[in-house]
Structures are given as C-alpha cells and as structure tokens.
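Undergrad: Can you read through this structure? Questions will come right after.
The values are calculated or read from the model by the stated rules, or taken from the named source; none is laboratory data. Please read all numbers here as calculations on a predicted model, not as lab measurements. All Cβ positions, glycine included, derive from the backbone under ideal geometry; neighbour counts span all protein chains shown.
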Amino acid sequence: MTRRKDAVACAAPDADSAGRPLAIICGGGSFPAAVAEAAAGRGRRPVMFALKGWADPKLVEQHAHHWIAVGQLGRFFRLAKAEHCREVVIIGTLLRPPLSQIRLDWRAIRLMPRIARSFGGGDNRLLSAVADMIEDGGVRVIGVEEVAPEIIVPEGALGRHQPSARDRADIARALEVIAALAPFDIGQAAIVAGNHVLAVEAAEGTDNMLARVADLRRQGRVATPRGVGVLVKAPKRGQDRRIDLPAIGRQTAENVAGAGLAGLAVAAGSTIIAQATDVAAAADRAGIFVVGVREDAPR
C-alpha cells in the first residue's frame, strides 16, 4: 500500500490532463477557491464538492458545485463520475469530526472498518486513509502543486525583511523539533525563541498557538524580548504530500507580530500561501519577515 501511495504522490500529471474537469473537495477558507482559479487558468474545469458546514458558499458557488456531507463517499463517486472527473484535490480547513457526526452513506458504511481504524491516530493517518479510499474508488488524489504551483511558497523572503543569524538558528531548531515529533503525528508548527521552544502545535491550530504565546508574553512567562523568536511551519516527516500541507495567510503574519516574534518561516515548496502579496504587505507593515526555507536548513 505504501509503495502505491508514494508512486501516486510523486507521479507527474498526465500529459493530456489539460482540459479535463478537476474535482475539488472543499473545506473552509479561501484555498479551495484559489485552487479552482488556478485550475481554470490552466484550462481545466473545476467542480467543487463543498463539505456542508465548512465550505464558504460565496466562494464555492462561483463554479460548478455540489454540496456533500462528511462521510458521503458514494455520493461523491456518483457525482464525480457524472462530471467526468478523474482527479481530485482535497483542500481547505476541516477539523476532525467525531464518528457520531459523520453522515455515512452505503458506500462509506461498507468501508466503516477502515474508517474506524484510521481514527486511531493523528490527522495525517486519517486523511491519508481517506485519500486511499478515494483512489480505490477510481479517482486519483493529486497534490496542490500539480494544479496550482503559484500558491506554493518558494524559497526566499516574501517581503522586505530578512531573518538574522539568530533567527536562522531558531528556524533550524524549530525544524528539528517538527521532525522529531513526526512519529507522533501531532502538528506541523513550532515556535522557538533564543533556542528555547515556546510552543508546539497540537489540536488547537497555528492561530491559537500564537495566541497562547502572546498570552504567555503578557504574563511575563516569555523571557526573550519582543522581536525575538520565530514561528516555523513544515510538513511532518513522512507526511502524505497529497493532502494537508501546512498553510499560511495574512492573518498568520498578523498573529506572528501580535505574539512579539521576529518572523515566520515555512518549508519552501511544501507550504500553501493565500494571497502572497497581501501576506508580504502585512509582514512589511508589522516589521517581521516571512521566508521560505529548505526543510533541511542548516543550523
């Protein structure tokens, strides 16, 4: 199973994929719309499969779309076949629902043993299992970079500010922390200041983690002065790159500044960014850096 998944994840797009419809399973936020616009710009017709309770109707309904509940695998396959979709991108915010809130149709009920087993781990295990079930149904799950490379963060600074030598040391330490925690499948981000680990992302998400650090600073629990420390986001080692890549947006940059950090570093080539020019402008206004770095950045 692992060999098949890795081969799918690394495969190049079909030579004749241009012009084919593309299914997009949409969670919350603006990323599904960004992927749809990028796909349309490459001559593909996006078909939005909007998850009820998560997807933004204003964004989804600008394209061909269908509303589905979490757990309606059979409905997805029927509609994808009717729309002639052979590939799908899974993108957008979706918090792990309890099993009791999943609306299983008959297709999903037959897969219930696999679904239940996938809940016994972290988000990467769960989402990877979902992607495998979709591919077993005949629809290829592809990564965002295959259809929308322009929303992937490149290497280098996005705005005017650059990380200092101290910042780069903190970035390297944070990447080490993320890599060390990969076997536990608990998060994609860490905050380090002056070589001191202030926070590691878990179920609360990046914005809440930054709010926690801001609160710790107000309480006097952070010894380093404002303007020292970095937020780093990177995929977990061994993560399924078809799904759930780390993502940043303008609010991320604003919250980094609010937490009193020097800046934000993300894995280049493996991080999604919403409206890069807005993120760079927000960082410049706040006097912080935003930079794409290699995941093996040296200390």
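Undergrad: Against the conditions (1) among the hydrophobic types (A, V, I, L, M, F, W, C); (2) modelled with pLDDT of 95 or more; (3) in a helix (DSSP H, G or I), where does Leu181 fall short? Just the number, please.
TA: If we test Leu181 against (1) among the hydrophobic types (A, V, I, L, M, F, W, C); (2) modelled with pLDDT of 95 or more; (3) in a helix (DSSP H, G or I), just (2) comes out false.
Undergrad: Another one. Looking only at the stretch 118-167, count every residue that is in contact (Cβ under 8 Å) with a residue 24 or more places away in the chain and over 21 Å from the mean Cα position of the chain (by Cα) and tell me the total.
TA: 10
Undergrad: Suppose the filter is in contact with a helix residue (DSSP H, G or I) (Cβ under 7 Å, 6 or more places away or on another chain) and either modelled with pLDDT of 75 or more or not polar (S, T, N, Q) (or both); does Ser30 pass it?
TA: Yes; evaluated as a whole, the condition is true for this residue.
Undergrad: Pull up the stretch 280-291, narrow it to residues that are of a type outside the set (Gly, Ala, Ser) and over 20 Å from the mean Cα position of the chain (by Cα), then point me to the one that is surrounded by the most Cβ atoms within 10 Å (Cβ to Cβ).
TA: This residue is Phe289.
Undergrad: Test of understanding: among Arg242, Arg294, which residue is surrounded by 22 or more Cβ atoms within 10 Å (Cβ to Cβ), among the basic types (Lys, Arg) and touching a residue at least 40 places away in the same chain (Cβ under 8 Å)?
TA: One residue alone meets the criteria, Arg242.
Undergrad: Next up: Within the stretch 154-201, count every residue that is touching a Pro at 6+ places or on another chain (Cβ under 8 Å) and over 21 Å from Val279 (Cα atoms).
TA: Looking only at that region, the number is 1.
Undergrad: Next question. Would you mind telling me which numbered condition in (1) farther than 30 Å from Arg78 by Cα; (2) buried (at least 17 other Cβ atoms within 10 Å of the Cβ) Ser118 fails?
TA: (1)
Undergrad: Mind checking which strands (runs of 3 or more DSSP E) fall wholly inside the stretch 16-84 and carry at least 2 residues that are in contact with a Pro (Cβ under 6 Å, 6 or more places away or on another chain) and closer than 26 Å to Ile109 by Cβ?
TA: 22-26
Undergrad: Determine which single condition Arg173 fails, assuming it passes every other condition in (1) assigned to a helix (DSSP H, G or I); (2) modelled with pLDDT under 95.
TA: Evaluating Arg173 over (1) assigned to a helix (DSSP H, G or I); (2) modelled with pLDDT under 95 leaves (2) as the failure.
Undergrad: Which of the residues belonging to the stretch 97-111 are surrounded by fewer than 16 Cβ atoms within 10 Å (Cβ to Cβ), in a helix (DSSP H, G or I) and modelled with pLDDT of 75 or more?
TA: Trp106, Ile109, Arg110
Undergrad: Hey, Arg299 hits all of (1) among the basic types (Lys, Arg); (2) modelled with pLDDT under 95; (3) assigned by TED's automatic domain parsing to the domain that holds Pro163 but one; which does it fall short on?
TA: (3)
Undergrad: Just checking, does the stretch 185-200 include any residue being assigned to a helix (DSSP H, G or I) and either surrounded by fewer than 21 Cβ atoms within 10 Å (Cβ to Cβ) or at pLDDT 95 or above (or both)?
TA: no
Undergrad: Taking the options Thr224, Thr277, name whichever one is assigned to a helix (DSSP H, G or I), at negative phi and surrounded by fewer than 22 Cβ atoms within 10 Å (Cβ to Cβ).
TA: Thr277
Undergrad: Of the conditions (1) modelled with pLDDT of 95 or more; (2) small (Gly, Ala, Ser); (3) surrounded by 18 or more Cβ atoms within 10 Å (Cβ to Cβ), Gly156 satisfies every one except a single condition; which number is it?
TA: If we test Gly156 against (1) modelled with pLDDT of 95 or more; (2) small (Gly, Ala, Ser); (3) surrounded by 18 or more Cβ atoms within 10 Å (Cβ to Cβ), just (3) comes out false.
Undergrad: Let me ask something else. Among the residues of the stretch 255-285, which ones are in contact with an Asp or Glu (Cβ under 7 Å, 6 or more places away or on another chain) and over 19 Å from Val144 (Cα atoms)?
TA: Once the filter is applied, which keeps residues that are in contact with an Asp or Glu (Cβ under 7 Å, 6 or more places away or on another chain) and over 19 Å from Val144 (Cα atoms), the stretch 255-285 yields Asn255, Ala262, Gly263, Ala282.
Undergrad: Within the stretch 53-69, identify whether any single residue is among the β-branched types (Val, Ile, Thr) and more than 20 Å from Gly143 (Cα to Cα), and answer yes or no.
TA: Yes, some residue in the stretch 53-69 is among the β-branched types (Val, Ile, Thr) and more than 20 Å from Gly143 (Cα to Cα).
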